[in-house]
Amino acid sequence: MVHEFTCIVCPVGCRLRVDKGGEVSGHKCKRGIVYATEETTHPTRMLTTTVKVNSRVAKRLSVRTSRPIPKAAMFDVMQALATVEARVPVNIHDVIIHNVAGTDVDIIATRRLAT
Amino acid sequence: MTWDIVVIGAGAGGLSAALAAQDDHVKVLVLEREAVLGGILNQCIHNGFGLHEFEEDLTGPEYAERFIDAFHERGIDLRLETTVMGLHETRNGFVVEAFDRRAGKLDIQTRAVILSSGCYERTRGQIRIPGERPAGVMPAGSAQRYLNIEGYLVGKEVFILGSGDIGLIMARRMTLEGATVKGIAEIMPYSNGLTRNIAQCLEDFDIPLYLSHTVTDIRGADRLEGITIEAVDEDFRVIEGTKKDFAVDCLLLSVGLIPDTMVLESLDVKMHPHTRGPKVDHTFHTSVEGLFACGNALHVHDLVDDVSEESRRAGRCAKDYVRKSLGKGETQLELIAGEGIAYTVPSTIDLSRFDDLIRCAFRVKRKAQTATFKLIQDDTVIASRKARFVAPAEMEHIDIGPDDLKGGHAPVTLIMEV
Ligand code: SF4
């Protein structure tokens, strides 16, 4: 299968193609090759979302993964968070869930909510 | 009590301006209509903020938190849940008419004001989409607030008009929350969003982007039931026979932001016809003495890092104004947006205070692979800069120093050559 996607390493936004043998084309510089290889072998994404919280000022607490997770795990993590409820006070970067959905990555708060 | 400077709004702009303006000799009060600091950053839960300011990739709330911490450490005076209703000039400053949710109506005396009230979203009425007027059609930023702060998903089957970054971000956000985003229509032949957002918000989830398309019909009695999009030509005229229908219960509009300058209504402030914010000189001084503006209330930015940087400069200038009892400079050199340039901020340079390099922000009118920006005074090029991959969606900057001026007080024109 030929993979085709946009390089996001710089604003040029080259359209990259990776063929069956892992050969990269469409890149205007070497960084595109590194990105293309990563994207086809183990694509990862930072996931940012919210969880329920019992705060006075917001019904949702913004959170993110402590580091990028495999792209394919995004919806599993979303599902694991659907029933989570954080309790105030929350400090920025407090761990809300350890090892979410078996990814070995934590979910951490990105905001402080005192009350 | 009389303040030296009242800052209106405690988002990225207001926080940064207040931090730069306050010291032992300058009394600063910040007014914020919400119950928390940080403004719009609180609902921008995605990452991509702070790459210039901190050389880190932060989410919106994390970015805000850095400034909020510094703000509290400095003990700057603050009134939350206080909405400014209007400003009135007095002999030595302003009366700020405000409404505090608990204390009621307040009249606050100050020598100077920094307007950092952010921007608001263009709505359906302002872009005139034909069709019925059911519920379910709303600005993308409002939907973002509902979802990220209130926890309420505004639709299950979604279409988005406008491919600016807020639209792209919301496409991913609603998809992750279980909605189906059926597509994004963009009237221009290219997206106004960042490449990174096109890749990670649309391509990751196979959301189609219809370039050179616009929404031409909206259907539904109470609740939105469907929309139609059609292709347009270079002059934005609808091309016959290109109709596509989508059954959706939600249409998000990501069609532009406008500086929120409502509180200036009672003053005679010269406004900029393009940015729709006030006109300012290079010290961020508006045409009304003692009134400064920065951030999205001045002109809409694409990067919060630029808002912080600009507002810091505005804060310093306002502080100089009150400490040194400066007036409004009489000799203003005009800065003109010439060929290929949509606008510049500032609009003028106050020559009595032009003693250092100044950073002029501007936007180009169209995309180009390579471009040269030239500052011209009296038919002479006084400064120039080369750039690659310029686009209207990306703000550019050029520096001018006092030594660059060769033609005295003659206006300076900025042009783009491709
Ligand atoms: S391949 Fe190189 S030039 Fe092209 S977008 Fe990626 S980093 Fe930029």
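Going by accessible surface with a 1.4 Å probe and the largest first, B:TYR146, B:TYR63 read B:TYR146, B:TYR63.
Taking the Cα centre of the stretch B:229-297 as reference, the dipole from Cβ charges on Lys and Arg (+1) and Asp and Glu (-1) amounts to some 160 debye. A DSSP coil position with no more than 14 other Cβ atoms inside 10 Å describes the following GluC sites (Glu not before Pro) in the stretch B:109-185: B:GLU132.
Between B:ASP222 and A:LYS28, the simple spin-label model (points 7 angstrom out along Cα→Cβ) gives 5.3 nm. Qualifying trypsin sites (Lys or Arg not before Pro) in the stretch B:351-416, where qualification requires a DSSP coil assignment and no more than 15 other C-beta atoms within 10 Å, comprise B:LYS365, B:ARG366, B:LYS406.
Annotation for B:ARG323 and B:LEU51: the two label points, set 7 Å from Cα along the Cα-Cβ direction, are 3.4 nm apart. Mind giving me the FRET efficiency for B:GLU150 and B:SER352? R0 is 56 Å, r the Cβ-Cβ distance, nearest 0.05 is fine. The calculated FRET efficiency here is 0.70. Considering only B:SER384, B:THR370, B:ALA314, the residue lying farthest towards the positive end of the dipole of the stretch B:301-395 is B:THR370, judged by Cα position with unit charges set on Cβ. Measuring nothing but how far apart in sequence close Cα pairs (under 8 Å, 6+ apart) lie, relative to its length, the stretch B:155-244 scores a relative contact order of 24 percent. Note on chain A: dipole from Cβ charges, positive end direction compared against A:THR83, A:VAL53, A:GLY21; the farthest Cα belongs to A:VAL53. By a 1.4 Å probe calculation restricted to protein chains, B:MET1 has an accessible surface near 150 Å², given to the nearest 10. Computed about the Cα centre, the dipole magnitude for the stretch A:48-109 is approximately 300 debye when only Lys and Arg (+1) and Asp and Glu (-1) carry charge, each at its Cβ. The distance from the alpha carbon centre of the stretch B:124-176 to that of the stretch A:9-42 is 33 Å, rounded to a whole number. Across the options B:ILE127, B:GLY151, B:SER163, the greatest Cα extent toward the positive end of the charge dipole of the stretch B:124-163 (unit charges at beta carbon of Lys, Arg, Asp, Glu) belongs to B:ILE127.
Shown here for the stretch A:1-66: GluC sites (Glu not before Pro) in loop regions (DSSP other than H, G, I, E, B) with at most 16 other Cβ atoms within 10 Å, namely A:GLU23. The residues B:ASP260, B:ASP378, sorted by heavy-atom accessible surface at 1.4 Å with ligands and nucleic acids left out, run B:ASP378, B:ASP260 from largest to smallest. Taking the Cα centre of the protein assembly as shown as reference, the dipole from Cβ charges on Lys and Arg (+1) and Asp and Glu (-1) amounts to some 580 debye. Between B:ARG91 and A:ALA114, the modelled label-to-label distance comes to 4.1 nm, taking each label 7 Å out from Cα in the direction of the beta carbon.
Relative contact order of the stretch B:41-93: what whole-number percent is it, with Cα pairs under 8 angstrom and at least 6 residues apart?
Values: 36 pairs, mean separation 13.3, N = 53.
Over the stretch B:41-93, the number comes to 25 percent.
Secondary-structure-derived ellipticity at 222 nm for chain A, considering helices only, amounts to -5000 deg cm²/dmol, per-run term -39500 (n - 2.57) for DSSP H runs with n ≥ 4.
Helix-only arithmetic for chain B: the sum of -39500 (n - 2.57) across DSSP H runs with n ≥ 4, divided by the residue total, places the mean residue ellipticity at 222 nm at -5000 deg cm²/dmol.
Computed on the Cα atoms alone, the convex hull of the protein assembly as shown gives a volume of 167 cubic angstrom per residue.
The values are calculated or read from the model by the stated rules, or taken from the named source; none is laboratory data. Since the structure is predicted, the reported quantities are computational estimates derived from the model, not experimental observations. Glycine also receives a Cβ, built like all others from the backbone with ideal geometry; neighbour counts cover every protein chain displayed. Keep in mind that these areas ignore ligands, DNA and RNA; they rest on the heavy atoms of the full protein, side chains included. Shrake-Rupley method; radii C 1.70, N 1.55, O 1.52, S 1.80 Å.
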